[in-house]
Every structure is written in structure tokens, then in C-alpha cells.
1. Would you point out the residue of the range 125-151, among those that are charged (D, E, K, R) and part of a strand (DSSP E or B), that is surrounded by the most Cβ atoms within 10 Å (Cβ to Cβ)?
2. Are there any pairs, at least 6 apart or on different chains, whose C-beta atoms fall under 8 Å, with the first in the range 156-167 and under 11 Å from Gly134 (Cβ atoms) and in the same structural domain as Met191 (by TED's automatic domain parsing) and the second in a strand (DSSP E or B) and of a type in the set (Gly, Ala, Ser), and if so, which?
3. Could you please give the count of residues in the range 103-147 that are under 26 Å from Asp76 (Cα atoms) and in contact with a strand residue (DSSP E or B) (Cβ under 9 Å, 6 or more places away or on another chain)?
4. Would you confirm, using the coordinates I've provided, whether Tyr46 is crowded, with 18+ Cβ neighbours inside 10 Å, of a type in the set (Phe, Trp, Tyr) and under 15 Å from the mean Cα position of the chain (by Cα)?
5. So which helices (runs of 4 or more DSSP H) stay within the range 152-260 end to end and still have 3 or more residues that are modelled with pLDDT under 95, out of contact with any Cys (no Cβ under 9 Å at 6 or more places or on another chain) and exposed (fewer than 14 other Cβ atoms within 10 Å of the Cβ)?
6. Looking only at the range 1-39, filter to residues that are among the small types (Gly, Ala, Ser) and surrounded by 15 or more Cβ atoms within 10 Å (Cβ to Cβ); which one of those is modelled with the lowest pLDDT?
7. Mind counting the residues in the range 242-287 that are more than 30 Å from Ile371 (Cβ to Cβ) and of a type in the set (Gly, Ala, Ser)?
Amino acid sequence: MNFPLYIARRYLFAKKSHNIINIISIISVIAMATGVMALVVVLSVYNGFDSLIQNMYSYVDTDMKISVVEGKTFPDSLQKLHSIRNHPSVLVFSEVVEENAIFKYRNKQHIGTIKGVSRNYKEQTGIDSMLIDGEFLLWRGSQPMAVMGHGVAIYLNANLAHFDALEIYMPRRGYIPSITSASAFTSKAIMPSGVFAIEQEFDTQYVLAPIEFVREMLSYDNQITSIEIKLKPEANHKKVQQDFQNILGDDFNVQNRYQQNESLYRTMKSEKLVIGLILTLILIIASFNIVGTLSMLIIEKRKDAETLRSLGANKNTIQNIFLAEGVLISMAGTIIGAALGILICWLQIKFGIVKLQGSGQFIIDAYPVDIQPLDITLILILVFTIGLLAARFPVRIITNRILSQQNIGNH
């Protein structure tokens, strides 16, 4: 066994519970373990919310979304779009027309967005698995049907059991909107077939309908506002996005899933980073315990250092003993804290011990947790680095001073 490590281990694990240094060493281990445990748990909870939100938005945002840079619509007959449709990485190609609208159900009204989608839209997002009432039907025979967001249904007090039509009002093309002119609006009724619940902002805004129905209301021939694409599982998203952009040119935007909600994901990453930095600062403060512990240990073991010096140990060997002591304290705290943090996260995943307040309003009852090995690895490296730096300061300063005094005494 390495000599400095052997001596350091004896200092740390010696059976002298009455020794104040041993007690302080245990306190240092507990402090580091507590900080590491908090870091593991908090980051895992943030990862859980991140995964939850990504899963929710996977029913709204597609792998790739194509829209025009200038203007609002573009024809679906462009040759470039045929090249995109026939790209080997494309699994589902859906055309979309979106427009602001006023929804009316009986005597209730709500302003939102009607989204006209292709018949294969269900294959695009899997939104049919998020229905809470009715079924996902865009057509019943030749009759167009609409699927409402849960928030829209609540605002309109809509109930599928009533068999009442949903009236949709949109500004007529070529007319300036006017409150007093009914001719400025075009209206059409459509029967609702289902209600979905995905995410509050989307649920309170959108009603899905066949693209043909929306085009007819807007007097469009073959115009669309965007194209949503689902890629094959083995596709390289970054490469495919670049391919699409090269095919379409600068007149079109090609957005991946992250870019479609860039501000949301950026905010979540920033929050996770800030929390991580705050907890890291707490760990740095906790590492001061290591500084104090090693300082007292070096002073207490001064005679041991003199003995080792007399037996031929040089300054580096003596310093390495106390440095190894600090590393052992840091490693013990790291391992214990990481183990406890992972255990707490596992218990939360398995049993959902900590519940969300007002759980009836959420799609989950307990705090979500996602343990990511990369985060655990970074935490272990971070804490080991902090412990090593915290140990080097007292070891180099104090041992140099003590050994210098010994040399003066010997002369």
C-alpha cells in the first residue's frame, strides 16, 4: 500500500472516538455528503421536469418544422417540397394551415387558433393518446370534425354529449376587420369529436380540424403556413436539418424540436445551471471544514511529522500524508452523499413519496425524477476537485511552516 495513503487512512479511521480530530473529520464527511446528496437530488428533479416537458411537447412539436421566412403562406406544390417529401429520412410529412379564430359554443366564446392538419397528423405526433374525451376523428365519412384542447373546452363549457356544433369565425380575406360589420367575418360550423390535454398553453389555444376545412374558410387553394415532419428513428437530425435547409434555401426556416421552443428549453437549462452553481458554492463552503480539519490534524500530529522526518521521510512525503487525508475525507463524503442521493431519487421514482401540491391540476402526482449518469459523474469529479484544492492549501502552508521551524530548532 502507498505509504502516505496508509498513514492517512490510519488517521481517519483510527478507533479513537474520544479524539476531537476524529469527530471533526466525521463532521467534515457529513458536510460534504449532505452537499453532494442535495446536488444529486436537485439536479435529478430538474432532469425529471425537463424530461416531462420534453415528453409533453413531443405531442405538440415535431422533429422538423418548415415555415417561410417572409410572409405567412406558401404553395404546397413547390418542387423543393417534393424533394423534402421524398427524402430518405422522412417518415411522416404533414401540411398545416394555422389561423387565429373565434370559437363559439352555445352562448360561450373564446379566441384561439385553429390548426388545419393533414389526415396523417395522428401519425405525426401521437396526439390521439392524449385524449381525455371522445376520439381523434378529423373526418366522419365526408363530414369534417374538430378536436378541441381541454382549455378551449373549459372556456366554452363544451360537452361532447350535447351534440352541439362548434362555430368558428375568421376574418374574411380582403376585408378590414370591423366590430360592427358581420360581413368582415366568415363563419362555419363543425362538430367536435374529441378533447385532448397535453400542455396548458397549447390546450387553451388550439382546435384541430381538417386542412381542407380551414382552407375553405380562408379561401386558400393550395397554400399552407407550415410543414411538420417526423423523421425515422435512425435519422441524424442535425444532418437532415442541414439537408433540408440546403434544399429549401434562405427563403425558408427549418426548425428542429429544440428551436421550436428555444426560449423554454433555454430557460430550463439556465435554471438548472444556476441551481447547480448555487449548490456548488455550498459545497465550496462545506469544504472549508476540510481546511479546518487538516489544519488541526497537522498541528496535532506535529510530533509524528518530526518522527517521520527523523526516519528519513522528506517534506513531500509528509505533505502527501495530510493531502491524502483531505482526499479521503472528500471521497468519503462524495461516495456517501452520492449513494444517499441516488437512494432518495430511486425511492421517489418507485413510490412517489414527495407529492406535488394541488396534484389534481397536474398530469403527475409526485415530483418527477430522472437520474442521469453524466450528472453523477460530473458531480463526483467536481467534488473531488473541490476537496483536493481545499486540502492543498492548509497542507502546503502549515507543513512548510512547521517543517521550517523544525529545521531552525535542529540547528
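The values are calculated or read from the model by the stated rules, or taken from the named source; none is laboratory data. Here the structure is a predicted model, which is why all the values come from computation and not from measurement. Here Cβ is always computed from backbone atoms with ideal geometry, including for glycine, and neighbour counts include all displayed protein chains.
1. The first filter runs over the range 125-151 and keeps only residues charged (D, E, K, R), leaving 128, 133, 135, 140.
Cutting the leftovers down to part of a strand (DSSP E or B) gives us 133, 140.
On the way: Asp133: 18, Arg140: 11.
My answer is Asp133.
2. Leu160/Gly134; Leu160/Ser193; Leu160/Gly194
3. To start, the set of residues in the range 103-147 that are under 26 Å from Asp76 (Cα atoms) comprises 112-128, 136-147.
Now narrow it down to the ones that are in contact with a strand residue (DSSP E or B) (Cβ under 9 Å, 6 or more places away or on another chain): 112-121, 123-125, 127-128, 136-140, 143-147.
Summing the residues that are under 26 Å from Asp76 (Cα atoms) and in contact with a strand residue (DSSP E or B) (Cβ under 9 Å, 6 or more places away or on another chain) in the range 103-147 gives 25.
4. On the way: crowded, with 18+ Cβ neighbours inside 10 Å: yes; of a type in the set (Phe, Trp, Tyr): yes; under 15 Å from the mean Cα position of the chain (by Cα): yes.
So Tyr46 fits the description; yes.
5. none
6. So, considering only residues that are among the small types (Gly, Ala, Ser) and surrounded by 15 or more Cβ atoms within 10 Å (Cβ to Cβ), the one modelled with the lowest pLDDT is Ala8.
7. Adding up the residues that qualify gives 1.
One line per residue, one yes/no per condition, for (1) modelled with pLDDT of 90 or more; (2) not in a helix (DSSP H, G or I):
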| residue | (1), (2) |
| --- | --- |
| Ile335 | yes, no |
| Ala339 | yes, no |
| Trp346 | yes, no |
| Lys350 | yes, no |
| Gln357 | no, yes |
| Asp370 | yes, yes |
| Ile376 | yes, no |
| Ala390 | no, no |
| Ile397 | no, no |
